[in-house]
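Notes follow the structure.
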Amino acid sequence: MHILLVEDETDLRVLAANGLRRRGFAVDAVATLAAAHDCLGVARFDVAIVDRRLPDGEGLTLLPMLARHGVPALVATAYGELDDRIAGLDAGADDYLVKPYDLDEVSARLRALLRRPGQRQPPVLTHGTLRLDTGAQQAWLGPEPLDLGRREFALLRLLLEVMPAVVIRDVVQDRLYTLDEAFSPNALEAIVSRLRRRLAPGGYLIENRRGIGWRLVLPAPPS
Ligand code: CA
C-alpha cells in the first residue's frame, strides 16, 4: 500500500513516515502542496494523509486533485474542533485525524479506508488456491499463510489485480518503491525470484516478458 504523506512539521513527518513503513506501508513523505503535486504526477498512490496548515497553503485544496487521481484522503488537523472536521469532510476528505495521532490507529483507519466499497480494488483478491487480503495485508496459498515481505506482497497484489494480463515493469517499480528509495533492476529481479519460490508449491509461475514485465499463470495440471 503506497501512501503519500503531506506534513510540514519535520519531526512528525519523519516519525510518522518511519512508523508507517515499519507497519508495512510504502511511504512518500513531503512537506508542501507543491511537492505533493509533483508526487501525484509521477507515482500512483493508494491513499494520502494530508495536513491542513502547510507552508504554501491549505491542505484541503489538494483534495480535488487527489480525487481526480482516485486517491482517498485522510486529513490531519492540529485542532479537533467540530468546525475543522466538518470543513474537511465537506471538502471531500474520506476521514480525518486529530494530531498528535497514534500510528496504530492511523494504520487501522488507512486499512478501513481501503476496504470501503467504491474503492478501486476489492478487499480480497483470489485465484485458484491463492488468496490475498488487501486490508489485512496477508496472502494465503491454500490454508497456508504466505510469508511475504512488503514488496513481495505488493508485487503479488499487482499480478493478481491484472491477471491474466502482464504487469508492466514501470508500474511494478512505481508501486514497490517510494520516490526516495534506491531502486535497482537486480533488486527487483530478486523480489520476483523470491515470490516465484513462495508460489511454486501451488503450481503458480511468474512468467518474465523480457523488457515488458511479468505475468502470473497457473498451468493446467497434466491429465
Ligand atoms: Ca502544518
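The values are calculated or read from the model by the stated rules, or taken from the named source; none is laboratory data. Bear in mind the structure is a predicted one, so any value in this text is a computation, not a measurement. With ideal geometry, Cβ positions are generated from the backbone for all residues, glycine too; neighbour counts draw on all protein chains shown.
Details
- Total residues in the stretch 65-94 satisfying the condition of being modelled with pLDDT under 90 and in contact with a Pro (Cβ under 8 Å, 6 or more places away or on another chain): the figure is 2.
- Across the stretch 101-115, a minimum of one residue is classified as in a loop (DSSP other than H, G, I, E, B) and at pLDDT 80 or above.
- Count of residues meeting criterion [modelled with pLDDT under 95 and under 16 Å from Q173 (Cβ atoms)] in the stretch 194-209: 2
- Strands (runs of 3 or more DSSP E) within the stretch 124-223 that include 3 or more residues under 23 Å from L110 (Cβ atoms): 124-127, 130-133, 138-141
- Residue satisfying condition, being within 14 Å of the ligand (Cβ to nearest atom), closer than 24 Å to D170 by Cα, outside the structural domain of R169 (by TED's automatic domain parsing) and in contact with a helix residue (DSSP H, G or I) (Cβ under 8 Å, 6 or more places away or on another chain), within set A31, A26, A36: A36
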